[in-house]
1. At 0.36 nm per residue, and after removing the present C-alpha to C-alpha distance, how many nm does the segment from residue 188 to residue 164 gain when stretched out fully?
2. Give the peptides 174-180, 199-205 in descending order of average Cβ contacts within 10 Å, highest first.
3. Relative contact order, percent, of the range 135-283 when contacts are C-alpha pairs under 8 Å separated by at least 6 residues?
4. Quick check on the range 4-120: take the gyration tensor over C-alpha atoms, sort the square-rooted eigenvalues as a ≥ b ≥ c, and tell me if it's rounded (a/c under 1.5), prolate or oblate.
5. Once you have the Cα-Cα distance between residue 78 and residue 65, take 0.36 nm times their residue separation minus that, and quote the gain in nm to one decimal.
6. Between the range 21-54 and the range 176-226, what's the alpha-carbon centroid distance in Å?
7. Which of rounded, prolate or oblate describes the range 11-63 when judged by the alpha-carbon gyration tensor and an a/c cut-off of 1.5?
8. Can you give the FRET efficiency for residue 237 and residue 58, using 1/(1 + (r/R0)^6), R0 = 45 Å, r = Cβ-Cβ distance, to the nearest 0.05?
């Protein structure tokens, strides 16, 4: 997992995290943890004042046990934020009077333990994904296609990372170019068509939509590799060309069948069940809105 950024849920709060692959360590956004433990209306201000208080009382600079990583803020922009590993968070939590401290410590231990187990046996994370989709009513055929498409996606993002594409914003731009080219609609429009908000678009695609998405991304990677595309401009051109290949196949299929490939169909339940799905998606670590996979 390369330079991984995920959102995980503690109770109703999203906690941003960053995985340092070189060290094999998770780092968690301190501001998000403060928000979860204090319910503060302004967790950034709470954290700022807390650092001053702890330094005054104990002589400890909490910033020294933190690292700064760029994470997506509420306005969608990538901003640097203080992050701490499990050991650092445990020290920080000591200075936060909260009845949630002990439950959070148990949650933190579980999150770290699950990651360690997944590194030793990657199939576990795949099994969890399969089980989640089964619980949401997906067929085995759909699940197989979803996972095959994810493997295709991973190979493309690996190529991008190695050829001067960095950050979620650039991944999102290239992904949108490919998606718009093959489907005729942007990612944002496609999600709106399906009535999605924070849900992952690919988790609500039909089998045909998944197949054409994978074809577009496979074609993009192979074209990029053939010309050794580097940087945004060259990879954007490869994305347009790869998307056109899938577009041609889509148009031909639609002509033969008389049916549109891109539709508003989704797997959303109704009423309270929809809210439960949203909570379950957050708890499972699904990619948040507008990240490389979903954007």
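Only the coordinates and a few stated rules stand behind these numbers; no lab work does. The model shown is predicted, which means the values in this text are computed figures rather than measured ones. Here the Cβ is made from the backbone with ideal geometry for all residues, glycine too, and neighbour counts use every protein chain on show.
1. Values: separation 24, 0.36 × 24 = 8.64 nm, distance 2.53 nm.
Computed gain between residue 188 and residue 164 is 6.1 nm.
2. On the way: 174-180: 23.1, 199-205: 21.0.
Going from most to least packed, we get 174-180, 199-205.
3. On the way: 157 pairs, mean separation 46.1, N = 149.
Rounded, it is 31 percent for the range 135-283.
4. Rounded, since a/c falls under 1.5.
5. Answer, rounded to one decimal: 2.5 nm.
6. Their Cα centres are 35 Å away from one another.
7. oblate
8. Efficiency for this residue pair is about 0.20.
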